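The values are calculated or read from the model by the stated rules, or taken from the named source; none is laboratory data. Worth saying up front: this structure is predicted, and the values here are computed from it rather than measured. For neighbour counting, all protein chains shown are included, and Cβ atoms are generated from backbone atoms with ideal geometry for every residue, glycine included. Heavy atoms of the whole protein, side chains included, go into the accessibility calculation; ligands, DNA and RNA do not. Shrake-Rupley method; radii C 1.70, N 1.55, O 1.52, S 1.80 Å.
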Amino acid sequence: MSTPRVYVIHENPEWFPPLAAAFEAEGVPVEEILLTEGQIDLGADPEPGVYWSRMSASSHTRGHEHSKEYTRAVLGWLERAGRPVVGGSHVLELEVSKVAQHGLLRNAGFDVPRTTAVFGRTTLKQAAHDFTGGQDVPFITKHNQGGKGLGVRRFDSLAEFDAYVDSPEFEEPVDGITLLQEYLTAREPFITRVEFVGGEFVYAVRVDTSAGSFELCPADACEVPQVIAGAVCDVPGAEEPSAFSVRTEVTAEHPLVQQLRTFLADQRIQIAGVEFMETTDGRTVVYDINTNTNYNPAVEETAPASGPRSIARYLGGLLETQYAAQLTA
C-alpha cells in the first residue's frame, strides 16, 4: 500500500488547481480521483488515506453523465472498507437533490422558499396553475439536480409558462424533476453564502446581484449567462470578481450562522457553503446547500481565513489522526 494521503474525488479538473496549491502550502499529501472513467477492484482494500468527495450535481453538463453513479459506487466501497470519508454517501444524495435539501432545512426550522416538485412534463402546467392558485403572479422554475442555473427561469403569467412547457426551449431536467418555487425579492441586491469547513464557520460572502443574476459559483472557472434578478436560484458564474466580497458583519456569533452550524453537524456535513437571502418582506430565506463549494480569489485576498487552506488543514488533521504511525515511519 502507498503512503496515506488525502484523496479528492471529483470530475472537473478546472476546479482543482486552487485546492492543490492549498494542500501543497499546508504540506498535506494529496491525490485526485477523477471519476470520469476508470475502475475499482471490489475485492481489494482501498489505499490508506482520507477520502473527500466533492462530486457536483451539475457534472452531467460537462459530458460526465455517469460520474454521480460512479461516485455512489466508489463511496459505498470506501465506506464498507471503513475508510474515513468526508462528504460521504449521505452528503452526495443531498448534493444531487434540492428536494432533499429543502426537506431537511424545513424540518430544522429554517425559512425556505415555498416549493412544489413536479415529476415529468405532462402535469407541469396543471401544477403551476395549482401553485399560483390560478393567478398571474411571478414564480420561478429550477431543476432538482441544479448548479449552473439549470432550469432557472422566471414566469409572470400562466400563459407564458404554458407556452414554454410546450416549446422546444423547455429544459428537461436530468432526473425528470422540475421545481416550481415562489419568486422572492432581496431587500438589497445581494445574497449571502456562508462557508463552513470541518463544521466551523470560515467566512460569509456577499454576492452582488445588481447586474441581474445570482452568480453564486465563486470560482474563476465558472462561466454562465445571467438570469433573472430576484429569483431564488444557485447560478454559477463569475464574470466580475468584484461581485464577491467578504460580509464582515456576519460572524461565527451570528444567530443564523450558529443555527446552520448545528444543522450541518446534525447532518454530518463537514464542508459546505450555505446560501440565504434577506427579502423585502423581512424574511431570511435559506435555499441552497453546496457541498462541493468553490472559493473566489478576490474574496480569498481579503478574508480573515482561507477556504482552501482551511480544507487542507482540516483534512490533513484527519489524516494525521488516522495514520500518524504510518506518516512518521
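Do we find that residue 183 is open to solvent by 10 Å² or more (accessible area, probe 1.4 Å), on the phi < 0 side of the Ramachandran plot and modelled with pLDDT under 95 in this structure? Give the derivation first.
Numbers: open to solvent by 10 Å² or more (accessible area, probe 1.4 Å): yes; on the phi < 0 side of the Ramachandran plot: yes; modelled with pLDDT under 95: yes.
In short, yes.
Under the condition of being open to solvent by 50 Å² or more (accessible area, probe 1.4 Å) and of a type in the set (Val, Ile, Thr), which residue from segment 252-304 is farthest from the chain's Cα centre (by Cα)?
Ranking the candidates gives 280 first.
Would segment 55-72 turn up any residue that is loosely packed, with under 14 Cβ neighbours inside 10 Å and part of a helix (DSSP H, G or I)?
Yes, segment 55-72 has at least one match.
How many of the residues making up segment 89-118 are touching a residue at least 12 places away in the same chain (Cβ under 8 Å) and more than 24 Å from residue 139 (Cβ to Cβ)? Reasoning before the result, please.
Let us first name the residues in segment 89-118 that are touching a residue at least 12 places away in the same chain (Cβ under 8 Å), namely 89-92, 94-99, 101-102, 104-105, 108-118.
Subset that is more than 24 Å from residue 139 (Cβ to Cβ): 89-92, 94-95, 108-109.
Adding up the residues that qualify gives 8.
Against the definition (assigned to a strand (DSSP E or B), within 13 Å of residue 294 (Cβ to Cβ), open to solvent by less than 10 Å² (accessible area, probe 1.4 Å) and at pLDDT 95 or above), how does residue 204 come out, yes or no? I'd like the intermediate steps shown before the answer.
On the way: assigned to a strand (DSSP E or B): yes; within 13 Å of residue 294 (Cβ to Cβ): no; open to solvent by less than 10 Å² (accessible area, probe 1.4 Å): yes; at pLDDT 95 or above: yes.
Here the answer is no, as residue 204 does not meet what is asked.
List the residue pairs whose Cβ atoms are under 7 Å apart, where the first residue sits in segment 160-182 and is of a type outside the set (D, E, K, R), the second is assigned to a helix (DSSP H, G or I) and at pLDDT below 95, and the two are 6 or more positions apart or on different chains.
174/60
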